[in-house]
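The values are calculated or read from the model by the stated rules, or taken from the named source; none is laboratory data. What you see is a predicted model, and the numbers here were worked out from it, not measured in a lab. Here the Cβ positions follow ideal geometry from the backbone for every residue, glycine too, while neighbour counts run over all protein chains shown. When the accessible area is computed, the model is the full protein with side chains, heavy atoms only, and any ligands, DNA or RNA have been set aside. Shrake-Rupley method; radii C 1.70, N 1.55, O 1.52, S 1.80 Å.
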Amino acid sequence: MNSADAHAILTTLEAAPSILVPLIREVAVENLKRRPAPGKWSAHEHFCHLSTLHSMFNQRLDLMLSDDNAELIPYFPDEAEGDTLLDIDLEEAIELYVRERADFGARLKSVSDSDWQRTARHGEYNRYSVFIMCRHVAMHDLLHGYRIEELVLMKEWE
C-alpha cells in the first residue's frame with residue numbers, strides 16, 4: 001500500500017454518494033421496497049443498509065488508530081438487521097449516508113501514511129488494516145450499488 005493507493009480509495013469513498021444517490025432515485029416508487037424474491041433485499045434495503053454502517057466503521061477506525069492490539073468483531077447484517085431496514089425513512093437514510101460519508105472522508109484525509117497501514121485482528125479475515133477496511137467499504141458500496149442497479153434495470157418482477 002502506498003499513498004497513491006490510499007488516495008484512490010479515498011477518491012472512491014468520496015464519490016460514492018454521487019453515484020448511489022442518483023441510482024436509488026431511479027428506482028420506481030412502487031418498486032423501492034419490493035423484493036425481487038423471498039429472502040432478497042429490495043433497493044430500499046440495500047441503500048438503507050449502507051446508511052447504517054458509518055458508526056461501526058468510525059468505531060473500528062478509532063480502535064485501530066488507538067490500540068496496537070485491536071480486535072474487531074465481525075458484523076453479519078442479515079442477523080443484525082433482519083426486516084428493520086424496511087422501516088427506515090429513505091430520505092433520512094440518504095441524508096445520513098451523504099453526511100456521514102463526507103465526515104468519514106474528511107477524517108481519512110487526516111490519517112497519516114503509516115496510520116493507513118495500522119492493523120487489527122478480525123474474526124473473518126487473515127489480515128486487516130485501515131487501508132483494507134476502507135477498500136472494503138468502497139467495494140461494499142459498489143456491491144450494493146450494483147444490486148440496486150439490477151433492480152432498476154430488471155425487466156420483469158416475479
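Under a model in which nothing but the beta-carbon of Lys, Arg (+1) and Asp, Glu (-1) is charged, segment 105-156 shows a dipole of about 260 debye around its Cα centre.
For D89 and Q117, calculate 0.36 nm times their separation in residues minus their Cα-Cα distance, and state this gained length in nm to one decimal.
Values: separation 28, 0.36 × 28 = 10.08 nm, distance 3.65 nm.
Once the chain is fully extended between D89 and Q117, it gains 6.4 nm.
Given Cα positions, please report Rg to Rh for the chain, the hydrodynamic radius being the Kirkwood one. Using Cα coordinates only, the ratio equals 0.99. Projecting label points 7 angstrom from Cα along Cα→Cβ for H136 and D67 puts them 1.4 nm apart.
Taking every DSSP helix (H) stretch of at least 4 residues in the chain, weighting each as -39,500 (n - 2.57) and dividing the sum by the residue count yields a mean residue ellipticity at 222 nm of -20500 deg cm²/dmol.
For V21 and A4 in the same chain, what is the full-extension length gain: residue separation times 0.36 nm, less their Cα-Cα distance, in nm? Can you show the working numbers first?
Working: separation 17, 0.36 × 17 = 6.12 nm, distance 2.65 nm.
Taking V21 through A4 to full extension adds about 3.5 nm, to one decimal.
Taking every protein chain into account, the accessible area of the chain amounts to 56 square angstrom per residue (probe 1.4 Å).
Ligands, DNA and RNA left out, the 1.4 Å accessible surface of the chain is 51% carbon and sulfur atoms.
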